[in-house]
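Take a look at the structure below.
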Amino acid sequence: MKQIEVPNMLLKHYKRHPDKLINCKVKHIQKIDNYVRRNKVNTVGIDLGKYRFLAASNSDLTFTFVDEHNTFFQLFRKYESRLEDKQVDNNKAYSKLKTGLKNHINQVINELIEQVNETNSFQTVFVLGDHGSSHLSFPSLIFDLIYFAIKQRKHEYDEILIVDESFTSIECPKCQKRTSQNRTKSNRFRCTHCGFYYPNDDVIAAANIAKKGKLLVF
């Protein structure tokens, strides 16, 4: 109760008579709301890739999710093979790729949101990194498909934020040291400054994206 910074007597009164909150002072409502948001809002960063499709994490790495399927790699391999076949129309090849991507994204987002909902959070803020790619590129297509997949499946009180993802894959979440040498060739993360280690650098990028989103929320 001390953390909320509202008199205990008032908190007990509103607990017994929640209908009286309508007459609560604005400053008390703001303090209660800020406390709930700090402790009940789950901020989940999402890092996207072409072949390793999706990694997600909250800012402190206590919740992580990785798309372990090899589907994206297979879809792009098939697409590239179709382009090499002169008998296959390029538009049809692209249409098949887009359908496959959409189906897989929907499946993965369902899995992600199902696990997020198990955290019993009051609200989830999904944070996507802005890749800055051309709207005609594959990263842009993937970004749009996942944005709308989340939008269709999230709860009405959940939010989607978009942040600049610059440096998120090379910044240490512990000491904030930025260097490309923090990422290893084997998709691992090891900080050259403080020694922090994590077995998946995509998850580190997602955690840093979540941190950027958390600053906007709070």
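Every read-out reported here was derived from the displayed coordinates using simple, explicitly stated rules and does not represent laboratory data. Only a predicted model underlies this, so the values are computations on that prediction, with no experimental measurement involved. For neighbour counting, all protein chains shown are included, and Cβ atoms are generated from backbone atoms with ideal geometry for every residue, glycine included.
Quick notes on this structure:
- The length gained on full extension between Asn117 and Glu159, counted as 0.36 nm times the residue separation minus their Cα-Cα distance, comes to 13.7 nm.
- Taking each residue as 0.36 nm, the span from Leu215 to Phe73 lengthens on full extension beyond its C-alpha to C-alpha distance by 47.7 nm.
- Contact order for the stretch 44-217, expressed relative to its length and based on alpha carbon pairs under 8 Å spaced 6+ residues apart, stands at 29 percent.
- Around His193: net Lys/Arg minus Asp/Glu count, Cβ-Cβ under 14 Å: +4
- GluC sites (Glu not before Pro) within the stretch 63-117: DSSP coil, no more than 14 neighbouring Cβ in 10 Å: Glu68
- Listed residue pairs exceeding 29 Å between alpha carbons, taken from Lys12/Lys154; Lys154/Lys212; Lys151/Lys174; Lys78/Lys185; Lys40/Lys174: Lys12/Lys154; Lys151/Lys174
- Projected over every direction and averaged, the convex hull enclosing the alpha-carbon atoms of the stretch 44-217 yields 10.6 nm².
- Rounded FRET efficiency, nearest 0.05, which uses the C-beta distance separating Glu84 from Cys175 and R0 of 30 Å: 0.05
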